[in-house]
Amino acid sequence: MKRRSFGLLVVLLLGLGLCYGCSISYSEPRLIDGFGVWTLKELGYSDIGFLCTEEIETRSVEFRLPKKAAQGPESWYLIHLNFHIKFGEQSEEDLAYVSASTNGYCCAQVKFRVKREDDLLKIDWSTVDLINGKIDYFTSSSVADVSFKNYLQIRGVCPGLNTLTFQLEQYEGCHVESLRILNSSGIECTPIPPPRWDTRAR
């Protein structure tokens, strides 16, 4: 009965445009037509919250790129992923991932490992990108504020309409209490290629 009531509540809130995490813009997706960082706020979106009730949850936003947009050689696109995540104190030792993709091609992934030492919850996380390589982070807190950037995949950039998708994946032992993608996240356009770019990969 509770599950059915909750489902009805979500439907009602969706109808009112008030569902938690639903920050979809109803205007025409905005065009990224110059160098700089185009934040979610500038693209017409607010912070994006997750319900954190399913093993895998996604949220998507849309933006447009110029008619001849491509990943290089004159313009390069990056993801800026900024978010706040909190793990429940009842979490067991397990894994969780927060990722982002454009048009189905992953461009950012943050791996969280939940550990318990002397019954205290500790969170380690790691990132890998074309700019800094692999970086490991450690904290004795149940919360983390993450800022990450990386170049998009070649096939993740296309002219016209593009879809940016954020995903939370948590395994059974983990309990993500809250996840909020900040509207300072977004897409950057730059003339600077990635430092480890190999033209033979094209």
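Taking 16 Å as the straight-line reach from the Cα of LYS149, the lysines in range (excluding those fewer than 8 positions away in the same chain) are LYS111, LYS134. Taking other Cβ atoms within 10 Å as a rough exposure proxy, LYS111, LYS68 sort from fewest to most as LYS68, LYS111.
For the range 23-193, the residue among THR53, THR165, LEU65 whose Cα projects farthest onto the positive side of the dipole built from Cβ charges is LEU65.
Placing unit charges on the Cβ atoms only, positive for Lys and Arg and negative for Asp and Glu, gives the range 55-114 a dipole magnitude near 520 debye about its Cα centre. Taking the Cα centre of the range 28-77 as origin and assigning +1 to Lys and Arg Cβ atoms and -1 to Asp and Glu Cβ atoms, the resulting dipole is close to 320 debye.
The radius of gyration of the Cα set in the range 92-202, together with its Dmax, comes out at 16.0, 53 angstrom.
Net charge dipole, the range 23-193: roughly 860 debye, given to the nearest 20, about the Cα centre with Cβ charges of +1 for Lys and Arg and -1 for Asp and Glu. Working note: Cα atoms of the range 23-193, range along each principal axis, descending, whole Å: 56, 35, 21.
All of the numbers you see were taken from the coordinates with simple rules; none came from a lab. All values derive from a computational prediction rather than experimental measurement. Cβ: placed from backbone, ideal geometry, glycine included. Neighbour counts: every protein chain shown.
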